[in-house]
Amino acid sequence: MLDEQKLVKDCLRQHPAAQKLLYDTFAEQMLGTCFRYTKSMNDAEEVLQQGFIKVFQNLHQFRSEGDLGAWIRRIMVNTAINYLKRKPQYQLDLGFEDSHLHPVDNHQPDLKIQMKDLLNLIRQLPAGYQTIFNLYAVEGYSHVEIAKILGISEGTSRSQYARARALLISWLEKYSVNGKKDRYAQ
């Protein structure tokens, strides 16, 4: 079993073996987290590297009261959001205007779908929807927290989440009817 307190202390003492162990222990899981927010593996890997730089720079702030993995994941999520805000290819999709959006439908289909197919659907959402959906449904942030992180209103966070959810539901219904993975999008 990994002794997180010792690992953190050794990393703070600049021991390369401990730093490698920390990276090796969490990199694969955190790459998955980064990939949920980006549209390509290259972008996810870039976010991962930036995130681990922040982890090592801020490791002295980790208080061994909580889970190290959760602390690192929070840094990765924040790094991914900052990355999306800086990259031109994501900035258009991060606009949170309601004018061009379809109405929200709270219909809930009873569907069976593989987790990897669901994750693929989530990744096909526009970046703004994807970000809010991941922050709320996957990471467990409240709409108040999401609004603060993204610089939007709480109501916008709620409506964007509802629209992302409605879009996913419509895609899932098409998936159920057609039974084909290539029929997700509009």
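Below, the figures for the structure above:
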| item | result |
| --- | --- |
| Using distinct alpha-carbon pairs, which all enter the 1/r mean, Kirkwood radius of segment 10-75 in Å | 12.3 Å |
| Euclidean distance between Cα centres, segment 137-170 to segment 1-33, Å | 32 Å |
| Given 20/116; 54/85; 54/148; 6/148, the pairs whose alpha carbons are separated by over 23 Å | 20/116; 6/148 |
| Estimated inter-spin distance, residue 142 and residue 60, nm [label 7 Å along Cα→Cβ] | 3.2 nm |
| Estimated FRET transfer efficiency (residue 12, residue 41; beta-carbon r; R0 35 Å; 0.05) | 0.65 |
| HN-Hα J in Hz across segment 15-22 - Karplus 6.51, -1.76, 1.60, θ = phi - 60°, x for Gly and Pro | 7, x, 5, 5, 5, 5, 4, 4 |
| Heavy-atom surface of segment 1-85, accessible at 1.4 Å and reported per residue (Å²) | 55 Å² |
| Label-reachable residues, segment 43-65, where backbone N falls under 18 Å from a point 7 Å from residue 1's Cα toward its Cβ | 64-65 |
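The values are calculated or read from the model by the stated rules, or taken from the named source; none is laboratory data. In this text the structure is predicted, and so the values were computed from the model without any measurement. Because the Cβ atoms are built from the backbone with ideal geometry, glycine has one as well, and the counts that use them run over all protein chains shown. The accessibility values were calculated without ligands, DNA or RNA, using every heavy atom of the protein model including side chains. Shrake-Rupley method; radii C 1.70, N 1.55, O 1.52, S 1.80 Å.
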